[in-house]
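Q: First, the structure itself, so that you have it in front of you.
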Amino acid sequence: MPTNLPPECAEIDARYRAATSPAEKIACLEELLGTIPKHKGTDHLRADLRRRLARLRDEPGGRRSAARQASAFRIEREGAGQVAVVGRPNVGKSALVAALTNATPEVAEYPFSTWVPTPGMTLVDNVQIQLIDTPPLDPTHLEPELIGLIRKADLILLMVDLQADPIGQLQDTLAMLATHHILPLSARAECLDPSRQTFKPMLFVANKTDDEAVDEDFRALCDLFEGECRFVPASAATGRGLGRLKQAIFDALGIIRVYTKPPGKGPDLTAPFVLKVGSTVGDLAGKIHKDFLDNLKSARVWGQGVFEGQLVGRDYVLCEGDIVELRA
């Protein structure tokens, strides 16, 4: 340090040299820049400190690095539902998301190949659903931002490797989620303090159900957790069961497809409105436009539980595949 600086600069510089983490070094450099007088004689020193500060902020643990890490976990919701694919290391999450979607996460045989979430879209008939490949759940390294992402998802797809202690994987994963107050929706009735918990629908996937040779293992797993977990068999490697899994994801999201038609014309069956199970004609009208709901006079429905073109009120509960003619 130059000798013509305030005496406290030497003390700050000593703390900087003794600091071991990027955050501590950044704090010292910022304090030093605020203490050093601004004049021609300190221009080179201040420029050098700013360069050091910029490098530190880009290192792992630095502020810009941390900000980039946090922003990677803020994934814009797309499609009819957002599904967080979670599980222990090496259960095949990345391979499954790659097999089901347009995403290209890194797929590797070694654990922790996924460090940030990777979203992709899968098509279930004519409905787009977002799947997110997430970093593995591990008690030694669990990002707080990952828990936030899981908590906000519409559905948790919890994966286990059928060929590598699926019971232990399931119990460990559920325990880690429970530590962060995330529980299966089915646990709400038995929870003593539900106000402190986040209850999420969960779908349990037994990956590496590659062929009929492991079907007996899958049935044993289902029998063991009968009434607690709904397991779906799948193989990201061979593609076995992926069609059934996609439909199970759609069903677990608790959504329905509803089609509309103008009076005297046929419906457009390529562009459904996606609503929550239990939605009404009024909910459909409101989703189209608020003014449509306000001015709704009548509706006719073709579908389950009604006569063809039956006249219904705005409180009529719609079913999967219904065709609705709204009149304002």
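Q: Taking the Cα centre as origin and putting +1 on Lys and Arg beta-carbons and -1 on Asp and Glu beta-carbons, what dipole magnitude results for the stretch 74-252, to the nearest 20 debye?
A: Computed about the Cα centre, the dipole is about 620 debye.
Q: Starting from the Cα-Cα distance between Ser195 and Glu31, subtract it from 0.36 nm times their residue separation and give me the gain in nm to one decimal.
A: Values: separation 164, 0.36 × 164 = 59.04 nm, distance 4.34 nm.
So the chain would gain 54.7 nm between Ser195 and Glu31.
Q: Given 0.36 nm per residue, what is the gain on full extension from Leu185 to Glu11 after removing their alpha carbon distance, in nm? Can you show the working numbers first?
A: Numbers: separation 174, 0.36 × 174 = 62.64 nm, distance 5.58 nm.
Length gained between Leu185 and Glu11: 57.1 nm.
Q: Nothing charged except the Cβ atoms of Lys and Arg (+1) and of Asp and Glu (-1): what's the magnitude of the dipole of the chain about its Cα centre? Round to the nearest 20 debye. List each step's numbers first, then the result.
A: Details: 39 positive and 44 negative charges, 330 e Å.
It comes to approximately 1580 debye.
Q: Give the relative contact order (percent, whole number) for the stretch 169-328; include only Cα pairs under 8 Å separated by 6+ residues. Mind dumping the intermediate values first?
A: Numbers: 230 pairs, mean separation 26.8, N = 160.
That works out to 17 percent.
Q: Can I ask one more? Label the stretch 71-216 by shape, choosing from rounded, prolate and oblate, from the square roots a ≥ b ≥ c of the eigenvalues of the Cα gyration tensor; if a/c is under 1.5 it is rounded, and otherwise prolate applies when a/b is larger than b/c, oblate when it is not.
A: Values: a/c = 1.35, a/b = 1.13, b/c = 1.20.
Rounded is the answer for the stretch 71-216, as its axis ratio a/c remains below 1.5.
Q: Hey, another quick one. Using a Gaussian network for the chain with springs between C-alpha atoms less than 10 Å apart, which of these wobbles most: His44, His289, His181?
A: Most flexible of the set in this elastic network: His44.
Q: Within 10 Å, at most 13 other Cβ atoms, and a DSSP state outside H, G, I, E, B define an exposed site. Report the longest part of the chain free of exposed chymotrypsin sites (Phe, Trp or Tyr not before Pro). Present the calculation step by step, with values, prior to reporting the outcome.
A: On the way: sites that count: Phe112, Trp115, Phe307.
Answer - 116-306.
Q: For the chain, with a Gaussian network of springs between Cα atoms less than 10 Å apart, report the residue from Pro144, Pro166, Pro135 with the top mean-square fluctuation.
A: Between Pro144, Pro166, Pro135, it is Pro144 that shows the largest mean-square fluctuation.
Q: Where is the GNM fluctuation largest for the chain (alpha-carbon springs, 10 angstrom cutoff): Ala14, Ala80, Ala271?
A: In the Gaussian network model the winner is Ala14.
Q: Exposed loop sites here are GluC sites (Glu not before Pro) in DSSP loop states with at most 15 other C-beta atoms within 10 Å. What is the longest stretch of the chain lacking them?
A: 110-225
Q: Taking amide hydrogens as modeled 1.01 Å from N in the peptide plane, which residues meet the under 5 Å criterion relative to Leu142, leaving out close sequence neighbours?
A: none
Q: Put +1 on the Cβ of every Lys and Arg and -1 on every Asp and Glu Cβ in the chain; which of Gly79, Thr173, Pro262 then has its Cα farthest towards the positive end of the dipole?
A: Result: Pro262.
Q: Which of the trypsin sites (Lys or Arg not before Pro) found in the stretch 235-305 are loop residues per DSSP with 11 or fewer other Cβ atoms within 10 Å of their Cβ?
A: Lys265, Lys297
Q: Next question. Take every DSSP beta bridge with both residues inside the chain and express the antiparallel ones as a percent of the total, to the nearest 5.
A: Of the beta bridges lying entirely in the chain, close to 50 percent run antiparallel.
None of the figures in this text is laboratory data; all of them are computed from the coordinates on show. For clarity, every value in this text was computed on a predicted model and none was experimentally measured. Every residue, glycine among them, receives a Cβ derived from its backbone with ideal geometry; neighbour counts consider all protein chains shown.
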